[in-house]
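Quick notes on the structure that follows.
Every number in this text was worked out from the coordinates using simple rules, so none of it is lab data. Quick caveat, the model's predicted, so the values are computed rather than measured. In this analysis, Cβ positions are derived from the backbone assuming ideal geometry, glycine residues included, and neighbour counts consider all displayed protein chains.
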There are 2 protein chains.
Amino acid sequence: MADSQSAHLSASKDAVTLAANHITPMSRELRHLKTLDEARKILWEALPARVREGRFGVRPVEIAEALGLVLDEEIPSPTDLPPFDRSLMDGYALRAQDTFGASEGLPAYLKLVGEVQMGDTPAFALSHNQAARIATGGMLPEGADAVVMVEYTQPWGDDSIEVLRPVAPGDHVVRRADDVREGQAILPAGHRLRPQDISALAGLGVTTVPVRLPRVAVLSTGPEIVPHTDPVSPGKIRDMNGPALRAAIRSLGAEPLNLGLVTDEEEPLRDALRRGLAEADIVLASGGTSVGAADLMPDIISSLGTPGVLVHGVAVKPGKPVVIGLVDETPIFGLPGHPTSCLLIFRELVAPLLRAAGGARAARPRPVRALLSRNYPSQAGREEFVPVRLEEREGEWHATPLLGPSALISTLVKADGLVCIPAEAEGLYAGDSVDVEPLE
Amino acid sequence: MADSQSAHLSASKDAVTLAANHITPMSRELRHLKTLDEARKILWEALPARVREGRFGVRPVEIAEALGLVLDEEIPSPTDLPPFDRSLMDGYALRAQDTFGASEGLPAYLKLVGEVQMGDTPAFALSHNQAARIATGGMLPEGADAVVMVEYTQPWGDDSIEVLRPVAPGDHVVRRADDVREGQAILPAGHRLRPQDISALAGLGVTTVPVRLPRVAVLSTGPEIVPHTDPVSPGKIRDMNGPALRAAIRSLGAEPLNLGLVTDEEEPLRDALRRGLAEADIVLASGGTSVGAADLMPDIISSLGTPGVLVHGVAVKPGKPVVIGLVDETPIFGLPGHPTSCLLIFRELVAPLLRAAGGARAARPRPVRALLSRNYPSQAGREEFVPVRLEEREGEWHATPLLGPSALISTLVKADGLVCIPAEAEGLYAGDSVDVEPLE
């Protein structure tokens, strides 16, 4: 019975007429369901603090792969940067005090005692009134404390130069550790890595960093499902939720673990979920909305650890057949099999966990304020997400509800955003001002 | 000479005093340089139309990897979705006309002739006054055109049911091709793929799609550079630009091709650039700012194809030593070796090409309007990008210029954004309203 209700809720062929025709049986059922907010609250309170605060899924990641991810720990510099005094230009390394008072009329005369190319370690040191030709990026020889630009010098004899103006200590030099000192915190915990941070880490020789990159296991169940890469025989349907969820997980800066297709019989399903719990930080199973499987998921989840099932069924359209569980600190979700419901419930219940981990490359998109362009009836007692098209006309956004069957993924493909109708409302009216959450 | 200037511009130890002290030699040099806008315009006009319009770097990508990328072609559906008439709930498949006029007082009596589970192909057809038990997602048997919910039926004898209300044709059924019809355009060219699009493509059996995923070759040159994963000996510096550029490329939805470190001698550099041109859509070489290499890059680029070098040197701080070329329709950039300059020039000149390809997962971040919290002098004649810290106080954003040496990556690591001082300005004043481009 639960299942036919769920199919009705999540897949009504014509939302407008059905909402009017079939209020009685749905209302009976809805009384036992949680709202989305209640479900989120129950889950949130049951989560261990580290998950709630986003400190989970921590693993070492190579820095060139870590852009957009969040550091779990402060990173102290393992070394000085630069690791030696370095010239900022082509010129002559010297001791600044030897040039004090120099001018074009009374230059300082310095003897050339060597040359430093980039990448060289100078094999000599500078004494009083000595200089060495040095390239940009070159390592200052011992004794030198500044560089004079070629423009302010003139050759003098075969092995000396005239310096035509005074040079201050440190001129055109980056001193050892000027950029970062060994032990200094280069980046704080909780920082989201940007290209310049990757640059600094590379310069310091930090090759991997501990970032929050939650691994999310994804499996699809249902006897009618075949891999999306396979041909379909009559009666079968290609797996849509697996690829869509894996992509959505990746877009939030997390890492999908593909558990593939699992028949919704007890043993294979339990084995797959157990593998997911062992290898991932969050486990998602979509489908299994047939009567048997719908009963199976909660039992299996509760058999795998404590506290087990937290929520079974959420009063939202599309999307009702949802199981939320927690197995020994790992969140586990039974998502609806309908592709549209599956993605919407993922957005509402799973995505916030991944955003908390900071793995999200982008914050939740900001809602767009728009005027509704036609009436849209909705059944009171459950929230409803309505796919809409957005159009800008004369500087204002207009949202047009897409009236196609909500079970059809093509409706969501045509949509630019979603409008949420609160549970207490019986619909929205043309001209209402609504918040549209962009579907990006 | 060009090189010492470049080092001066891009790496001045103290921007404030140097800008005042050394105007003469820089101004001489700056007269020959392009502005950023001029450089962009020269490049843009030389690009082939397909690159300018972003239609490049097209390759087939597995759909679960294609989220956020842009389709280069309209995708027609290879099949009907669903591929058969499908029940939306658990109930009985039947012929609607057999139930017309049915009521609790005068039910319709239908004979059960079979059962359809999800994934089954029914081996029977329905005739007049026959029904078949059917599961959600099950394939309708031939002859059936609707499903009645279990709630509106009662068993009657061993092999029949009573139907207590009339059912309309199509009730609780998704008909073959209701979602998508074979040959119908499921997604248009230029569309950026979202999770629901991946879902639809999977359902249709489209396993790979032609998307714009430009490949960008990255190499670093300089005799003082070692791989960032290696220990450094005195005089050497770890490669920072390679990892940073590869991360920045990835963040824009493009694919880096790592050409590693190349000495800035003519033959190895030419070979590496040639490989980049053969395998990538854009080629980036950072470093080679020593006098010899600075002269080498333009010569090599021009020797590799036409039109060769377009721009050599840009009047911007930090960042001047830039070579922009086009070799047989492939853009090639010689970027500054200084990590800060390298990233800024990438942002200004290379990132727009990748955004044009639509590969960007996000548009260029919107500037934040802020009040400058202290004076900042700048030399007229070149644009300057000033790293700033952003703080919100009493509802207003305040931008504080970071006065550290601009060559140091730690300055950029500490920055929240950049303020661009136009070439004609001689600085900014405390209290000025400025646009800060967030460094995200």
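Each DSSP beta bridge with both residues in the protein assembly as shown is either parallel or antiparallel, and the antiparallel ones are about 70%. Considering only chymotrypsin sites (Phe, Trp or Tyr not before Pro) in DSSP loops that have at most 14 other Cβ atoms within 10 Å, the longest stretch of chain B without any of them is B:125-428. Model label points for A:A189 and A:A123, set 7 angstrom from Cα along the Cα-to-Cβ axis, are 5.0 nm apart.
Approximating the spin labels as points 7 Å out from Cα along Cα→Cβ, the B:E53-to-B:D299 distance works out to 4.0 nm. Counting Cβ atoms of other protein chains within 10 Å of each Cβ in B:109-119 and taking the mean gives 3. Taking Cα centre as origin and charging only the Cβ of basic (Lys, Arg, +1) and acidic (Asp, Glu, -1) residues, the dipole magnitude of chain B rounds to 1260 debye.
How much of the DSSP bridge set in the range A:86-174 is antiparallel, in percent, rounded to the nearest 5? About 80 percent, rounded to the nearest 5.
Ignoring lysines fewer than eight residues from B:K111 along the same chain, the ones with Cα atoms less than 27 angstrom from its Cα are A:K13, A:K236. Residues in the range A:161-168 carry Karplus couplings, in order, of 10, 9, 9, 9, 8, x, 10, 8 Hz; the curve used is 6.51 cos²θ - 1.76 cosθ + 1.60 with θ = phi - 60°, and Gly or Pro positions show x.
Seen against the Cα atoms of chain B and their longest principal axis, helix B:241-251 is set at about 30 degrees. The angle separating the long axis of helix A:291-304 from the principal Cα axis of greatest extent in chain A is about 50 degrees. Each other copy places its own label point for B:K111 at 12.1 nm from this one, sorted shortest first, where the point lies 7 Å along the Cα-to-beta carbon line.
Counting, for every residue in A:130-137, the Cβ atoms of other protein chains within 10 Å of its Cβ and taking the mean gives 5. Once you divide the Cα radius of gyration of the range B:225-340 by 2.2 N^0.38 Å, the number left is 1.03.
A Stokes-Einstein calculation at 25 °C with viscosity 0.890 mPa s, built on the Kirkwood radius of the protein assembly as shown over Cα pairs, returns a diffusion coefficient of 80 µm²/s. Across the range B:86-174, the fraction of Cα-Cα pairs farther apart than 17 Å, rounded to a whole number, is 37%.
Listed values for the range A:71-83 are Karplus-derived 3J(HN,Hα) couplings in whole Hz (6.51 cos²θ - 1.76 cosθ + 1.60, θ = phi - 60°), namely 5, 8, 9, 4, 10, x, 6, x, 7, 7, 10, x, x, and x replaces Gly and Pro.
For A:E182, the point set 7 Å out from Cα toward Cβ sits 7.2 nm from its twins in the other copies, listed from shortest up.
Only DSSP H runs of four or more residues enter the estimate; each adds -39500 (n - 2.57), and after division by the residues of the protein assembly as shown the mean residue ellipticity at 222 nm equals -7000 deg cm²/dmol. What lysines sit close enough to A:K34 to cross-link, taking a C-alpha to C-alpha distance under 16 Å and skipping anything fewer than 8 places away on the same chain? Filter leaves A:K317, A:K320.
Compared with the dominant Cα axis of chain A, that is its longest principal axis, helix A:36-46 is turned about 60°. When DSSP beta bridges are restricted to pairs lying wholly in chain B, around 70% turn out antiparallel.
What are the GluC sites (Glu not before Pro) within the range B:77-171 that DSSP puts in a loop, where the Cβ has at most 12 other Cβ atoms within 10 Å? If you can, show how the numbers build up before the last one.
Values: sites: B:E104, B:E115, B:E142, B:E151, B:E162; in loops: B:E104.
Qualifying residues, ordered by number: B:E104.
What the phi angles of the range A:175-183 give under the Karplus curve with 6.51, -1.76 and 1.60, with θ = phi - 60°, is a coupling list of 7, 2, 6, 4, 7, 8, 9, 3, x Hz, glycine and proline written as x. Between copies, the label points at A:E38 (set 7 angstrom from Cα along Cα-to-Cβ) are spaced 7.0 nm, reported in nanometres from shortest to longest.
Note down the Stokes-Einstein diffusion coefficient of chain A in µm²/s, whole number, using a Kirkwood radius over alpha carbon pairs, 4 °C, and 1.567 mPa s.
Working: Rh = 26.2 Å.
Diffusion coefficient, whole number: 49 µm²/s.
When the dipole is taken about the Cα centre of the protein assembly as shown, and only Lys, Arg (+1) and Asp, Glu (-1) are charged at their Cβ, what size is it in debye, to the nearest 20? Please list the in-between numbers first.
Details: 84 positive and 118 negative charges, 152 e Å.
Computed charge dipole of the protein assembly as shown: roughly 720 debye.
If you stretched the chain out fully between A:E329 and A:E265, how much longer would it get, using 0.36 nm times the residue separation minus the C-alpha to C-alpha distance? Write out the running numbers ahead of the final one.
Details: separation 64, 0.36 × 64 = 23.04 nm, distance 2.49 nm.
Extra length from A:E329 to A:E265 when fully extended: 20.5 nm.
Considering all projection directions equally, how large on average is the shadow of the alpha-carbon convex hull of the range B:317-435, in square nanometres? Please report the intermediate quantities before stating the final value.
Details: hull surface 34.1 nm².
That works out to 8.5 nm².
For the residues of B:78-90, the average number of beta carbons from a partner chain within 10 Å of their own beta carbon is 5.
Find out how many positive minus negative residues lie around B:L47, taking Lys and Arg as positive, Asp and Glu as negative, among other residues whose Cβ is under 13 Å from that of B:L47. Before the final figure, lay out each step's value.
Values: positive: B:R40, B:K41, B:R50, B:R52, B:R55; negative: B:E45, B:E53, B:D281, B:D328, B:E329.
Net charge around B:L47: 0.
Spatially, the range B:32-73 and the range A:335-389 are offset by 33 Å when compared through their Cα centroids.
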